[in-house]
Amino acid sequence: MKKSNVVIIENLLDGKLVVPVQNFSKDNVISAISVALKIKPQDLKHLSSSMSRGFYGVTKIVPLMYFKITSPEGEPSSSDGCFKVIQVSYAKMLYEE
């Protein structure tokens, strides 16, 4: 069994999305969200995080956003100026090769 770091995008209308990351740095998480949701990295900003979850704001309206994002539970007060807020959980996933 191998382990992989993943972020779980929690607040999508169609369910959760699991995205692999090298580590849980802000830049790696923003890059993973960017690729998974087809949002430019410069249109995302880190709002807050803890050991197990984080919040990232979408700072620009994305007209053809690939996924529908719902409002997260416990949305941070620092989300002013953000079009949407993305909630992620940090986890390790076990898998077989």
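The values are calculated or read from the model by the stated rules, or taken from the named source; none is laboratory data. No experiment lies behind these values; they were computed from the predicted model shown. With ideal geometry, Cβ positions are generated from the backbone for all residues, glycine too; neighbour counts draw on all protein chains shown.
Quick check, is residue 49 at pLDDT 85 or above, surrounded by 16 or more Cβ atoms within 10 Å (Cβ to Cβ), touching a helix residue (DSSP H, G or I) at 6+ places or on another chain (Cβ under 6 Å) and among the polar types (S, T, N, Q)?
no
When you scan the range 16-33, how many residues do you find that are closer than 21 Å to residue 95 by Cα and not in a helix (DSSP H, G or I)?
9
Would you confirm, using the coordinates I've provided, whether residue 51 is more than 11 Å from the chain's Cα centre (by Cα), under 30 Å from residue 2 (Cα atoms) and part of a loop (DSSP other than H, G, I, E, B)? First the steps, then the outcome.
Numbers: more than 11 Å from the chain's Cα centre (by Cα): yes; under 30 Å from residue 2 (Cα atoms): yes; part of a loop (DSSP other than H, G, I, E, B): yes.
Yes: the conditions hold for residue 51.
I need a count of the residues in the range 1-32 that are closer than 21 Å to residue 77 by Cα and aliphatic (A, V, I, L, M). Lay out the reasoning, then the answer.
Initial filter on the range 1-32 (closer than 21 Å to residue 77 by Cα): 9-12, 26, 29-30.
Filter once more, so that each one left must be aliphatic (A, V, I, L, M): 9, 12, 29-30.
Number of matching residues: 4.
In the range 28-43, which residue that is free of Cβ contacts under 8 Å to residues at least 24 places away in the same chain and surrounded by 12 or more Cβ atoms within 10 Å (Cβ to Cβ) is farthest from residue 70 (Cα to Cα)?
The extreme case among them is 28.
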